[in-house]
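As structure tokens, the structure follows; a few thoughts come after it.
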Amino acid sequence: MGLGLYERIKQGEDVRKHLIALKQELKGEAAREELLGALQGDYTVFGSLLSHEDPKVRKNAALVLGRLGGDGTAALLYGAYCREGTLFVKSSYLLALEGLDLASCREGLARRLEELEAYQAKDEEEKHIREEVAALRKLLPSGEGHKRHRFQGYDGTYDLLLTTGKLYPKVTAEQVKGGKAVLLKSGVRVVTSHIKPVLAIPTYRELLFFLNVRKVSGAAKEAAKALVQSNLLELLEKAHQPAGPFYFRLGVKSRMLLDQRSKFAKECAFAIEQESGRRLRNSTSGYELEIRLVEASDGMFLPFVKLFTFTEHRFAYRKCTIAASIKPEQAALAARLSRPYMKEGAQVLDPFCGVGTMLIERDRLCPAGYLYGLDIFGPAIDGAKENARLAGKGIYYIHRDFFTFQHDYLFDEIITNMPGRGQGGRGKEGQDLLYSRFFEKAGSLLKGKGKVIMYSDEKNFVKKQLRIRPEFTLLQEYAMDEKGIYHLFIIEKKEHTP
């Protein structure tokens, strides 16, 4: 099939149509090898089409050459790229060059990228210039080799948003020291000149910086101009070393359809580069900050900045994770909510410990006496031991099934993130049985007035066990997410069971 298409192209028969068909055919390796064998290194036919009067013929001829990828194709493509005068075609040559040896043309491509980055595109050119710049950067990643900035502005005053979700922002606000905290729907706003203690708070999800412009336009270029004219660059340049451009990604949270959002993001990111004189450079990898735009009800955007230039210390111990691991900030929140029911020096057990996050966060908040963690998944226990070592915690982790576990003395507390449905192949009936066995086993391991602190997505099974087991009493229940999927239960075993 591929050879037949090639012969029709060679004879000049409906060239554009047959080039498109051949381009599709060459996605298969067998067709590619067959045509390469027939050509024997002679790309004259396709090379001549790179000068064809029809720009779409030139475009598809370039893409066919790129898929063939034989010796000499890079030089052919680069030469045609340099001659090409139709903007919408130029990025196709660059796409075709992907995966080829660029040794002979890398310097020229780098010069072209530098020219385009400094060029003020006209409105009718902008889309094609953006596409060409993006294709060049894919060939010559702009973030490679640049000096990463280090955050050193710990003495500055900042306006921050600690995102928490809607349910418990107060828990995070109560931990803010040395600054003003205001509760918002999405978290806690903090104005502080003491950022280090804020960075250590364990219960927020993300730390974002407010800018001195509260909203920016829903039009891409106007939004970019407002961002560059805000205190964004001042914030970055005062707080970081060494000097030099900052590499960013643009995150857009919006009600727009995906293609509209993508178009807006590309236009806005390109305009930010131009408005900033390339002191801000867009990069899909190696970025140091995220400029985040969150659409408001009026169609404008709330702008935030997230930095990746300081090291996250609050969960530095958490080197090892598994798919079922609870998020550390959620474990820290669960510990904070449960704190009134904990006691220092308690004997504590986590029967489904995973990599140990629940036990570590519990002990960081309220030091226990002895802590034990069990799990039937060996790699999780290995990870838990490593995490505990990094956290400086003496926790006994044991590769064992909770339901066969025996101990010489009873525990004051069981704290755990219960296994989710689907883990271990369990369905609804399996989960019902798991919770029944859990409460039975917990009753045999807990002291009178001992506590169960349980993080679970099976509210109904928990309530069922509490109805049929009079030896347990529910002391407190917290919804842990806005959708009401996860709950935290604080349960007490009665001192004397009838």
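Phi angles across region 242-253 convert, under the Karplus curve 6.51 cos²θ - 1.76 cosθ + 1.60 with θ = phi - 60°, into 3J(HN,Hα) values of x, 6, x, x, 9, 9, 10, 10, 10, x, 10, 9 Hz, Gly and Pro given as x. Going by alpha carbons, how many degrees (0 to 90, nearest 10) lie between the helix axis of 459-468 and the longest principal axis of the chain? Approximately 20 degrees, to the nearest 10.
Taking amide H positions as modeled 1.01 Å from N, with prolines and chain starts lacking one, the residues under 5 Å from Glu413 and 5 or more places away or on another chain are Gln347, Leu349, Lys451.
Here the accessible area is traced with a 1.4 Å probe on the protein chains. For region 403-498, carbon and sulfur cover 48 percent of it. Relative to the longest principal axis of the Cα atoms of the chain, helix 15-25 runs at roughly 30 degrees. One Cα centroid belongs to region 31-105, the other to region 436-467; the line between them spans 68 Å.
Restricting region 27-124 to trypsin sites (Lys or Arg not before Pro) that sit in a DSSP loop and have at most 13 other Cβ atoms within 10 Å of their own Cβ leaves Lys27, Lys122.
Working with all protein chains in place, sort Glu495, Glu125, Glu34 by solvent-accessible area computed with a 1.4 Å probe, largest first.
The most accessible residue leads, giving Glu495, Glu34, Glu125.
The accessible surface of region 110-194, taken with every protein chain in place and a 1.4 Å probe, is 51 percent carbon and sulfur.
With a cut-off of 13 Å between beta carbons, the residues surrounding Ala21 carry a summed charge of +2, where Lys and Arg count +1 and Asp and Glu -1. In a DSSP loop and with at most 11 other Cβ atoms within 10 Å, the GluC sites (Glu not before Pro) in region 137-210 are Glu144.
Please state the relative contact order of the chain as a whole percent: Cα pairs under 8 Å, 6+ residues apart? Relative contact order, the chain: 9 percent. Per residue, the solvent-accessible area of region 151-200 (1.4 Å probe, heavy atoms of protein chains only, all protein chains present) comes to 52 Å². In the full protein context, region 326-436 carries 43 Å² of accessible surface per residue, based on a 1.4 Å probe and ignoring ligands, DNA and RNA.
Distance from the C-alpha centroid of region 248-268 to that of region 166-231: 22 Å, rounded to the whole angstrom.
Given only helices, namely DSSP H runs of n ≥ 4 each adding -39500 (n - 2.57), what is the per-residue ellipticity at 222 nm of the chain, to the nearest 500 deg cm²/dmol? About -12500 deg cm²/dmol.
Would you mind getting the accessible area per residue of region 231-302, heavy atoms of the protein chains only, 1.4 Å probe, in Å²?
47 Å²
Apolar share of the accessible surface for region 258-340: 50 percent from carbon plus sulfur atoms, 1.4 Å probe. The amide H of Leu160, built 1.01 Å from its N in the peptide plane, has Val190, Val191, Thr192, Phe210 as neighbours under 5 Å, considering only residues 5 or more places off or on other chains. The phi torsions of region 268-285, fed into the Karplus equation with coefficients 6.51, -1.76 and 1.60 and a -60° offset, translate into couplings of 5, 4, 5, 5, 4, 4, 5, 5, 8, x, 6, 6, 10, 10, 6, 8, 7, 9 Hz, rounded to whole numbers, with Gly and Pro shown as x. Each residue of region 254-263 was assigned a 3J(HN,Hα) from its phi angle through the Karplus curve 6.51 cos²θ - 1.76 cosθ + 1.60 (θ = phi - 60°); the sequence is 8, 7, 4, 5, 4, 5, 5, 5, 5, 4 Hz, with glycine and proline shown as x.
Among the listed values [x] 30.3, 97; [y] 21.4, 71; [z] 21.7, 65, the one computed from these coordinates for Rg and Dmax of the Cα atoms in Å is [x]. Normalising the average separation of contacting C-alpha pairs (under 8 angstrom, six or more residues apart) by the number of residues puts the relative contact order of region 130-211 at 34 percent. Kindly express, to the nearest 10 degrees and within the range 0 to 90, the angle between helix 106-118's C-alpha long axis and the longest C-alpha principal axis of the chain. Helix 106-118 sits at roughly 80 degrees to that axis. For a 30 Å ceiling on Cα separation, which of these pairs sit above it: Lys56/Lys122; Lys170/Lys263; Lys166/Lys215; Lys238/Lys483; Lys238/Lys266; Lys327/Lys451? Check vs 30 Å cut-off fails for Lys170/Lys263; Lys238/Lys483.
The values are calculated or read from the model by the stated rules, or taken from the named source; none is laboratory data. Treat the numbers as computed from the prediction; the structure is a model and nothing was measured. Positions of Cβ are generated from backbone atoms using ideal geometry, with glycine treated the same way; all protein chains shown enter the neighbour counts. In case anyone asks, the SASA skips ligands and DNA or RNA and just uses the protein heavy atoms, side chains included. Shrake-Rupley method; radii C 1.70, N 1.55, O 1.52, S 1.80 Å.
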